[in-house]
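What follows is a set of notes on a single structure, which appears directly below.
The values are calculated or read from the model by the stated rules, or taken from the named source; none is laboratory data. Here the structure is a predicted model, which means the values were calculated and not measured. Reconstructed Cβ throughout: ideal geometry from the backbone, glycine too, with neighbour counts over all protein chains shown.
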Ligand SMILES: Cc1cc2nc3c(=O)[nH]c(=O)nc-3n(C[C@H](O)[C@H](O)[C@H](O)COP(=O)(O)O)c2cc1C
């Protein structure tokens, strides 16, 4: 382990002259820093095998959602009370087909084991929820099924005007402690960017037991259908411009928080990957670009990263990680303020 907080130094073991991409993430050794983020691309065995073949470093399975678990539990208890009028499948069927469409929670656990058997790279199982419910017990079932790590996605839009920032944060921490207490394997926490003092909060997440931070959850914005005058789901895939916020926070947090850092949102090109690594990410996650271009895109990104390292005289990915971070910036807030002014100043009228 390195003596700085966060991820240990990468292992240097490349037999050839090619730059060594080996990466440590939460104690797991990955062949490269490219991780397939949770998405439909990681929800079938065929998709997982393709991602493995195209050279991905690790794979996050689609989430098991708290809502599915709770709906099944409610349907089971009604079945118990009133006979066969209610069925778990019916209750689950009314939920949107997110995560693992058509699968029960039990199936999702079984899929974790199948995924593990199908590929050579680490499998990270994902749990997604917001309450302190019994759903968290699925973390231990996923561990027993062979998951190499658990990614806990806490997706909460803090819309309750009577809950203070501290109360909201404490809720997150309680969930993290609960899941941490259930598993021995590494635990990562995926959150959005909307916290008043993000740096302070992620320190608290690490103290609560998060081995890794996945930044950031992409908050899906609703749209309005003007003909029917109703809210509609309207998922737009990301673009590279969106990784700027992630870039900033990777640079601020690199080696300053006792957890590995995974960058997610807006990674589409090899240049995006390099930028996030030099900012300080330990690994870089991709979803939209795989959905748009197929799993071969992972190989394109990996080759691009390798070529960039080679062309710039670097022997390993560890050589560049965090070189443009704020690790040695004495006053990050003053630094951000001056960058802000510099940015405004750089504008030229088109
Ligand atoms: C169709 C779709 C389904 C997704 N499902 C999940 C999920 O089950 N769990 C999760 O944590 N993130 C999920 N995500 C979010 C991605 O893992 C990723 O964090 C996000 O798309 C940003 O990365 P990108 O810019 O590479 O797409 C999903 C994204 C998409 C587009």
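Here are some notes:
- Leading residue by the ranking (surrounded by the most Cβ atoms within 10 Å (Cβ to Cβ)) among those in the stretch 148-169 that are over 20 Å from residue 68 (Cα atoms) and within 19 Å of the chain's Cα centre (by Cα): 149
- The single condition among (1) crowded, with 18+ Cβ neighbours inside 10 Å; (2) away from the ligand (no atom under 14 Å from the Cβ) that residue 174 does not meet is (1).
- Residues in the stretch 186-209 that are part of a loop (DSSP other than H, G, I, E, B) and more than 14 Å from residue 127 (Cα to Cα): 192, 193, 194, 195, 196, 197, 208, 209.
- Test result for residue 276, within 22 Å of residue 306 (Cα to Cα), surrounded by 19 or more Cβ atoms within 10 Å (Cβ to Cβ) and away from the ligand (no atom under 13 Å from the Cβ): no
- Qualifying residue in the stretch 252-265 (condition: at positive phi, within 15 Å of the ligand (Cβ to nearest atom), part of a loop (DSSP other than H, G, I, E, B) and surrounded by 15 or more Cβ atoms within 10 Å (Cβ to Cβ)): yes
- Residue that is crowded, with 17+ Cβ neighbours inside 10 Å, more than 28 Å from residue 267 (Cα to Cα) and within 16 Å of the ligand (Cβ to nearest atom), where the choices are 189, 179: 179
- So residue 232, is it surrounded by 19 or more Cβ atoms within 10 Å (Cβ to Cβ), away from the ligand (no atom under 15 Å from the Cβ) and more than 15 Å from the chain's Cα centre (by Cα): no
- The residue of the stretch 295-323 that is farthest from the ligand (Cβ to nearest atom), among those that are touching a residue at least 40 places away in the same chain (Cβ under 8 Å) and assigned to a loop (DSSP other than H, G, I, E, B), is 315.
- Cβ pairs under 8 Å, 6+ apart, first in the stretch 212-239 and touching a residue at least 40 places away in the same chain (Cβ under 8 Å) and closer than 30 Å to residue 24 by Cα, second away from the ligand (no atom under 13 Å from the Cβ) and in a loop (DSSP other than H, G, I, E, B): 212/26; 212/186; 212/259; 212/282; 213/257; 213/259; 219/157; 219/194
- Odd one out for residue 130, checked against (1) surrounded by fewer than 19 Cβ atoms within 10 Å (Cβ to Cβ); (2) within 14 Å of the ligand (Cβ to nearest atom); (3) at pLDDT 95 or above: (3)
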